[in-house]
Amino acid sequence: MKPLFILSFALIFTSCKQESLVGINNQTQTALPSDQQKAMVAAAADDWVWTGNQASNQIEIYDPAVADWNSASALKWSWKPVTTKGYSQYAVDHWGLPTDFKVRTVSTWGGNHLVSSCSNGLVTIAAYPAGTKKWAYNLGFNPHGVELLPNGNIAVAATDKDSVLLFASSTGTDNLVHAAVRLNKAHSVLYDPVENILWATGNDFVIAMQVGGTNSAPTLTELPARRGLLNTTSSANPYGHDLSRDLGDNNILWIGTNGGAYSYNKTTKVFTNGPGGATGINKTMIKAISRQNSGLFVITRPDSEKTTELPDPVTDPTWCTRYVDFYSSAGVFQYYRTKSGAKFYRAKIFRTPY
């Protein structure tokens, strides 16, 4: 998302010869020489990309049209909870290793608000772009995903609680009333405004949950008929990490798992391998997956799963990467963006619409 305005300049695509680098598990990643890499540009209509940078412990938003993410022009916004924005020292102390981030419009609150989570335990809502606290809670158990409903209630993929939680955050700064649905190793949650349901993924399944009740006493009920079993034919544990909508098809969700990347048909409950196979986006350990209006896929996966020939890969923690990878709609690697010293867990397109 390019908040409140659209970039007006035109960008020209440059055709580049690609070179192939073979990584572990005989998986192929395509890469470009550095001079050609910098020539590749994003489509003008495409969204900015948010990242959870576990080196800086910040949410950072970058413009993918800027090839060098070390440049000041690439970084559009950054944030973490601080006491000058209404957060207590206790909340600040429980922020670290950011895992998820979204910005949604809450009309009753007068505009855009962010939700974010981190492995250290804090889940929070704040005004965007001001970053001023609206609601915060130390879950204490490694939450990996969050979503903000139109009424201001926050949904949390509480990974170590094996649950999806829905808090009545709309009705009070410190309101901890919540509903829960069990989901083993819940990792990501996404609101579907067409049906007023929440989608979530965890270790084994993609599930749908009906949102009900009231703002102050929400309910959450799984819809068993909508449950989809993640790929179990892979040698890797299926372990769902992320899900996002397809901007071109409201019936499709994109799922990133330990075993690969898949599209999920919400109606038929059919999973389809991501385009390009093992040389495309259907690689192991997909930590984040989303798709631009142009059709480009935005992918993050740990550097430990990639070729060791990439410059300065992240070795600790083993779930992070310095590289945000961009693939065509056919699953052909296009280019990456990187920042010196970064440790990205997730990176996804940044937009307010559900």
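Rule-based calculations on the coordinates, nothing more; no lab input. The shown structure was predicted, so the numbers you read here are calculated from the model rather than taken from an experiment. Glycine gets a Cβ as well: all are built from the backbone with ideal geometry, and neighbour counts include every protein chain shown.
Quick notes on this one:
- Among residues other than Ile286 with Cβ under 11 Å from its Cβ, the summed charge is +1 (Lys and Arg +1, Asp and Glu -1).
- Proximal aspartates and glutamates to Lys266, defined as alpha-carbon separation beneath 17 angstrom and excluding residues fewer than eight positions away on the same chain: Asp192, Glu195, Asp204, Glu222, Asp242, Asp246, Asp249
- Amide H to amide H, with H built 1.01 Å from N, Ala65 comes under 5 Å of Ala42, counting only residues 5 or more places away or on other chains.
- Straight-distance candidates among the lysines for linking to Lys185, with alpha-carbon spacing under 16 Å and chain neighbours fewer than 8 residues away dropped: Lys161, Lys287.
- Percent RCO, i.e. relative contact order, over the chain, from Cα pairs under 8 Å lying at least 6 residues apart: 15
- Using R0 = 30 Å, the C-beta based FRET efficiency linking Thr105 and Thr318 works out to 0.25.
- Shown in residue order for the range 145-156 are the 3J(HN,Hα) couplings computed by the Karplus curve 6.51 cos²θ - 1.76 cosθ + 1.60 at θ = phi - 60°: x, 9, 8, 10, 7, x, 8, x, 7, 9, 9, 10 Hz (x for Gly and Pro).
- Segment Thr221-Tyr90, extension gain: residue separation times 0.36 nm, minus the distance between their alpha carbons: 43.9 nm
- Evaluating kT/(6 pi eta Rh) at 25 °C and 0.890 mPa s, with the Kirkwood radius of the chain over Cα pairs in the Stokes-Einstein relation, gives 121 µm² s⁻¹.
- The chain - mean residue ellipticity at 222 nm from DSSP helices (-39,500 (n - 2.57) per run, n ≥ 4, rounded to 500): -500 deg cm²/dmol
- Theoretical gain in end-to-end length, Arg182 to Ser329 [0.36 nm per residue, Cα-Cα removed]: 49.5 nm
- Extension gain for the segment Thr308 to Ser294, taken as residue separation times 0.36 nm less the Cα-Cα distance, is 2.0 nm to one decimal.
- Taken over the Cα atoms of the range 112-151, the convex hull encloses 66 Å³ per residue.
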